[in-house]
Amino acid sequence: MAYILNIETATKNCSVSLAFEGKSLAIKEMNNGGYSHAELLHKFIEEVLEEAGKTIDQVQAVAVSKGPGSYTGLRIGVSAAKGLCFSQDIPLISIETLSSLASTITLDEGVIVPMLDARRMEVYSAVFSSNYSQVRATEAQIIDENSFEDYFEKGKVYFLGDGAAKCKDLLTHKNAVYLEDKFPSAKEMCSLSYAKYQNNDFEDVAYFEPFYLKDFVAVPQKKKL
């Protein structure tokens with residue numbers, strides 16, 4: 001028996017859910033095209049708890065999207081999750097962002113390629129089978145016309161996530177399928193976090209850090225004239 005609070009902030013979708021034994025009881029999310037997680041996250045946490053008729057004292061664990069994704073978004077989500085775990089003395093669970101993104105679709109055959117936008121023609125991507133087993137590791141990948149060639153020869157390849165749009169003009173194989181408006185969500189985290197909870201697969205709250213995959217590069221501000 002476990003109530004788990006799930007937090008997803010790796011992309012522009014700020015998403016929070018409360019789940020009981022892997023089933024979502026309440027979810028609140030917003031994808032407004034910008035990164036407003038700092039303003040929305042704690043409000044969403046309060047709202048899902050209220051909607052489910054629970055308090056934070058009744059939560060057995062907090063799960064957070066670990067990345068890759070937005071550096072700032074990940075920092076906000078992980079900081080909030082760690083703060084709740086420290087204050088309530090409950091375990092922290094981490095969920096790979098691309099794994100929960102892959103879980104937003106259901107397939108009978110083919111492979112799933114969740115993608116998050118990086119810079120220029122680069123994406124964060126992984127490859128999953130139709131039963132969500134990861135068949136290729138998460139990579140920071142520069143897309144060209146030869147990308148995913150081996151997978152195209154075997155069957156349908158389903159691209160989803162905000163990084164998939166930049167592939168459309170380059171990857172035009174007949175087996176390429178593009179699914180729009182798919183983002184990592186705390187909804188898909190529910191079953192994934194409960195599975196880890198049952199296996200006592202927890203993070204060290206004090207030392208856990210997001211999976212950035214690449215070093216953060218700050219964009220210099222323009223000098224005012």
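The values are calculated or read from the model by the stated rules, or taken from the named source; none is laboratory data. No experiment lies behind these values; they were computed from the predicted model shown. Here the Cβ positions follow ideal geometry from the backbone for every residue, glycine too, while neighbour counts run over all protein chains shown.
Taken together, the criteria exclude Val205 from residues that are part of a strand (DSSP E or B), touching a residue at least 24 places away in the same chain (Cβ under 8 Å) and among the β-branched types (Val, Ile, Thr).
None of Phe216, Phe159, Phe152 is at pLDDT below 95 and more than 23 Å from Val16 (Cβ to Cβ) except Phe216. When the helices (runs of 4 or more DSSP H) confined to the range 1-107 are screened for residues that are surrounded by fewer than 17 Cβ atoms within 10 Å (Cβ to Cβ) and in contact with a Phe, Trp or Tyr (Cβ under 8 Å, 6 or more places away or on another chain), those reaching at least 1 such residues are found at 71-88.
In the range 126-158, of all residues being without any contact (Cβ under 8 Å) to a residue 60 or more places away in the chain, closer than 22 Å to Ser185 by Cα and touching a Leu at 6+ places or on another chain (Cβ under 7 Å), the one that is surrounded by the most Cβ atoms within 10 Å (Cβ to Cβ) corresponds to Ala126.
When the residues of the range 108-139 are filtered to those that are outside any strand (DSSP E or B) and among the basic types (Lys, Arg), the one that is farthest from Ser193 (Cα to Cα) is Arg120.
Within the range 98-139, how many residues are within 17 Å of Leu179 (Cα to Cα) and under 13 Å from the mean Cα position of the chain (by Cα)?
14
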